[in-house]
Structures are given as C-alpha cells and as structure tokens.
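What follows is a single structure, written as structure tokens, with notes after it.
The values are calculated or read from the model by the stated rules, or taken from the named source; none is laboratory data. For clarity, every value in this text was computed on a predicted model and none was experimentally measured. Using ideal geometry, Cβ is built from the backbone for each residue, glycine included, and neighbour counts are taken over all protein chains shown. To get the accessible areas, we keep the full protein, side chains included, count just its heavy atoms, and leave off ligands, DNA and RNA. Shrake-Rupley method; radii C 1.70, N 1.55, O 1.52, S 1.80 Å.
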Amino acid sequence: MRGRLAPIALAALALGQPALAAAGSDSDPIPVHFARGSDTVWLRGELKQNVRCCAYRFKAHAGQTLRWRFTGPAFRAVIVYPNGEAEGPGIPNTIRLPSDGAYILTFSPNLMADGAFGRYRLTLTIPPARRDH
C-alpha cells in the first residue's frame, strides 16, 4: 500500500498542501520536497505502537536553518547529518545546518511518557540561505 500512498503524498507536497505521511524507516525515509518558491512544507502522520516510523529525508545547503514544529503525541526527535553523525533524541526546534547534502529527521514515540501514540502534524521550514555581500 505504501507504493500507492507515496505518489499522492508527493503530489500534495508539490502543491504545498498537507499530506498523510506513509511510514518511513531510517533506512527508507520519506522524501520531502518543497514546492518551487516555498520554504515550508506541512506533513501529517501517526505514531503507532510497534511500527518503525517516521523518518523524513530532505536536502539543504550549509548555512541554511531548519525550523520544525511537531504537534501531537509525546515524541523523540533525531536528526542525522549528511556526514552520518546524529543528534538526539531531543533536538532544538531551530537548527543551523552545517553542510550541503541530505538530512534525515526522525520522529518516534516517547515510550517514557503517557500519550506516545496518535496522529501528528509536522511543519518544516528551511528559508533560503542569506547571502552576505
């Protein structure tokens, strides 16, 4: 079924509309594409018990800043940088991205907290890098 959901989700992302995210593991993250001229994308998904979810892959340039907002169940967040180093669980909502390349941002249920499962909304914003002359 994932093969059927992915084109729908990508089409919605291209139009700048919220999309229901299919489950994506760290080894097969969900690709995130920003619509031309947009620096923000809205995603929806669900953290479920015993399901590896929800990793997102996006590309960015050194010096850009990732801002993210997660609304929903209790979660843990990890970011993996293009060089393979990881930070988390627990990362700031604003991260200056250190290098060009692909990043993986993963959200998983916080099993140490009540309310770790359920639907969520995720907003990712990566404004263009400022060019100082």
In segment 111-133, anything within 23 Å of Pro31 (Cα to Cα) and assigned to a loop (DSSP other than H, G, I, E, B) is listed as Phe117, Ile126, Pro127, Pro128, Ala129
Restricting segment 104-121 to residues that are under 17 Å from His33 (Cα atoms) and out of contact with any Lys or Arg (no Cβ under 7 Å at 6 or more places or on another chain), the residue that is least open to solvent (accessible area, probe 1.4 Å): Leu105
Considering segment 46-99, residues that are polar (S, T, N, Q) and at pLDDT below 95, and then whichever is surrounded by the most Cβ atoms within 10 Å (Cβ to Cβ), we arrive at Gln49
